[in-house]
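**Student:** Dropping a structure here in structure tokens format, bear with me for questions.
The values are calculated or read from the model by the stated rules, or taken from the named source; none is laboratory data. Just so you know, these numbers come straight off a predicted model, no measurement behind them. Glycine also receives a Cβ, built like all others from the backbone with ideal geometry; neighbour counts cover every protein chain displayed. Keep in mind that these areas ignore ligands, DNA and RNA; they rest on the heavy atoms of the full protein, side chains included. Shrake-Rupley method; radii C 1.70, N 1.55, O 1.52, S 1.80 Å.
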Amino acid sequence: MAGGITDTGELYSPYVGLVYMFNLIVGTGALTMPKAFVTAGWLVSLVLLMFLGFMSYMTTTFVVEAMAAANAQLRWKRMEKRKDDEDEDSSSGVSDSDVLLQDGYERAETRPILSVQRRGSANIFEITERVEMGQMASMFFNKVGVNLFYFCIIIYLYGDLAIYAAAVPVSLMQVTCSVTGNHSCSVGDGTKYNDTDKCWGPIRRIDAYRLYLAAFTLLLGPFTFFNVQKTKYLQIMTSLMRWIAFILMIILALIRISRGQAEGHPSMAQLSGIRNLFGVCVYSFMCQHSLPSLITPISKKKHVNKLVLLDYILILAFYSLLSFTAIYCFRNDTLMDMYTLSFTNCEIVSMAFIRYFLGLFPVFTISTNFPIIAVTLRNNWKTLFHREGGTYPWVVDRIVFPAITLIPPVLVAFCTHDLESLVGITGAYAGNGIQYLIPAFLAYCSRKDTQLVFGSGTVNKHLSPFRHTFWIVFVLIWGFSCFVFVTANIVLSESNI
């Protein structure tokens, strides 16, 4: 079926896939990482970043393994259906060598289907069809598990939208309020501004922020009510701007450090900052929910796990370089939640064009992603409440679902523009579920399902390097422990206040 949910799309080489994965992972989270590094201490930050990178790589291999198992299930079901059709058309009996499964199939009473692997030229576990995480959840989880999956992905997407809805108005407020009045070019000079400080005449900074938020919502919100898709040229443009911005920030920080103008003196460890750092790191390594669309079109998947490992090593090196140059270049109290805003000071960057480009960088890149994330969230809501064979009334489909998608994140952004906390909480809770718990359960359930259907001797060619059950148990314990730790930390912090 053209345009079906399992369409692979246009194939590309493994190295193109490596670039796509790098671009997918390195996004908004990276811009909040320097601030999280300085608040948690450089040694604690480096150790936690490396450990969470390792954990994310492990769960990525779990998702790839589950994708292969799901492909095998789909391939088997088609073979089973083809066999049933042939049986209906034929009046004669079928030889034993052609039998794939006994009549009245039940999971607990299946036998190995060795003939399935012999009959096809390609390995039955080859990843040739795009099977999204929601579809894998419906294949391997029970009804409660499927609902919990959608709940987790919806909460994560809400957090994503709230971060995007706050980041754009914050950037516009910081840039436009700093070029007026008596504090021109002083966003990153260490001056602390309150939300009640004046921006333009009687307009306060918080008023300017909310005006920009309203404009952002009016301009991009309507896209939630329609279908949009990211074009190839839009991807190229946003990726190019992102890399120009990241490279510029690293070079400018290195130049300042080499000239002896570095002002940063980060501490080794501050336990109070670990909560936000954890959430930021989880958010910054997030890619598991998009792996099916990313991995499936790769033309040669023989060494896909090694390719993913190389990507994670490169990303880890990049995050370390970006964060360490930042925390040693700028004083602790001058680092902004959105790192690009630290370069809008005239003393840091003399060229006005570069200052405005970096200051407004989130506006351009995040604005292009907001409608896509919103439509994804809206469709997940529809899928969660969808009943087989049923359709939604026009008002529910075109008004209610887009409204419940758009209103909550805008309200959150209206109440707070603390980007570090928004990223931290989103990563620590919903991100924790998507990055750790769901992949671990997918790996466990898909392995169990594969043994029932294909026999205990069948080997998934994309089996994770972390194939021992210990690793699944370890990830689950770690994920649940993180929930407890973050919640306890928030409670204790609030009680101290």
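**Student:** Within segment 420-441, is even one residue surrounded by fewer than 23 Cβ atoms within 10 Å (Cβ to Cβ) and at pLDDT below 80?
**Tutor:** Checked segment 420-441: at least one residue is surrounded by fewer than 23 Cβ atoms within 10 Å (Cβ to Cβ) and at pLDDT below 80.
**Student:** Give the residue, chosen from 180, 176, that is in contact with a strand residue (DSSP E or B) (Cβ under 6 Å, 6 or more places away or on another chain), open to solvent by 20 Å² or more (accessible area, probe 1.4 Å) and modelled with pLDDT under 90. Explain how you work it out, then say what you get.
**Tutor:** Values: 176 fails: in contact with a strand residue (DSSP E or B) (Cβ under 6 Å, 6 or more places away or on another chain).
Just a single option satisfies the conditions, and that option is 180.
**Student:** Of the numbered conditions (1) in a helix (DSSP H, G or I); (2) open to solvent by less than 30 Å² (accessible area, probe 1.4 Å); (3) touching an Asp or Glu at 6+ places or on another chain (Cβ under 8 Å), residue 382 satisfies every one except a single condition; which is it?
**Tutor:** Here residue 382 meets the rest and fails (2).
**Student:** Scan (1) closer than 29 Å to residue 44 by Cα; (2) touching a residue at least 40 places away in the same chain (Cβ under 8 Å); (3) out of contact with any Lys or Arg (no Cβ under 7 Å at 6 or more places or on another chain) for the single condition residue 301 breaks and write down its number.
**Tutor:** Just one mismatch for residue 301, condition (1).
**Student:** Which pairs have Cβ atoms under 8 Å, sit 6 or more apart or on different chains, and link a residue in segment 477-488 that is within 17 Å of residue 152 (Cα to Cα) to one that is open to solvent by 60 Å² or more (accessible area, probe 1.4 Å)?
**Tutor:** From segment 477-488, the pairs are 483/429; 486/429.
**Student:** If the requirement is being of a type in the set (Gly, Ala, Ser), out of contact with any Gly (no Cβ under 8 Å at 6 or more places or on another chain), buried (at least 23 other Cβ atoms within 10 Å of the Cβ) and in a helix (DSSP H, G or I), which of these qualifies: 323, 272, 342, 290? Talk me through it step by step, then tell me what you get.
**Tutor:** Numbers: 272 fails: buried (at least 23 other Cβ atoms within 10 Å of the Cβ); 342 fails: out of contact with any Gly (no Cβ under 8 Å at 6 or more places or on another chain); 290 fails: buried (at least 23 other Cβ atoms within 10 Å of the Cβ).
Just one listed residue meets the conditions, 323.
**Student:** Now for a different question. So residue 460 clears everything in (1) polar (S, T, N, Q); (2) in a helix (DSSP H, G or I); (3) more than 21 Å from the chain's Cα centre (by Cα); (4) buried (at least 20 other Cβ atoms within 10 Å of the Cβ) except one condition, right? Which one?
**Tutor:** Tallying (1) polar (S, T, N, Q); (2) in a helix (DSSP H, G or I); (3) more than 21 Å from the chain's Cα centre (by Cα); (4) buried (at least 20 other Cβ atoms within 10 Å of the Cβ), residue 460 fails exactly one: (2).
**Student:** Which residue, of 47, 16, 64, is at pLDDT 85 or above, surrounded by fewer than 18 Cβ atoms within 10 Å (Cβ to Cβ) and part of a helix (DSSP H, G or I)?
**Tutor:** Working: 16 fails: at pLDDT 85 or above; 64 fails: surrounded by fewer than 18 Cβ atoms within 10 Å (Cβ to Cβ).
Residue meeting the stated conditions: 47.
**Student:** Do you know which residues across segment 236-253 are surrounded by fewer than 17 Cβ atoms within 10 Å (Cβ to Cβ) and closer than 17 Å to residue 353 by Cβ?
**Tutor:** Answer for segment 236-253, where residues must be surrounded by fewer than 17 Cβ atoms within 10 Å (Cβ to Cβ) and closer than 17 Å to residue 353 by Cβ: 240, 241, 244, 247, 251.
**Student:** Is at least one residue of segment 354-376 farther than 25 Å from residue 175 by Cβ, in contact (Cβ under 8 Å) with a residue 24 or more places away in the chain and not charged (D, E, K, R)?
**Tutor:** Yes, because at least one residue in segment 354-376 is farther than 25 Å from residue 175 by Cβ, in contact (Cβ under 8 Å) with a residue 24 or more places away in the chain and not charged (D, E, K, R).
**Student:** Any residue at all in segment 399-407 that's within 23 Å of residue 207 (Cα to Cα) and either open to solvent by less than 20 Å² (accessible area, probe 1.4 Å) or of a type in the set (Ser, Thr, Tyr) (or both)? Write out each step before concluding.
**Tutor:** In the first step, residues of segment 399-407 are kept if they are within 23 Å of residue 207 (Cα to Cα); the result is 406-407.
Retained after the next criterion (residues that are either open to solvent by less than 20 Å² (accessible area, probe 1.4 Å) or of a type in the set (Ser, Thr, Tyr) (or both)): none.
No: segment 399-407 contains no residue that is within 23 Å of residue 207 (Cα to Cα) and either open to solvent by less than 20 Å² (accessible area, probe 1.4 Å) or of a type in the set (Ser, Thr, Tyr) (or both).
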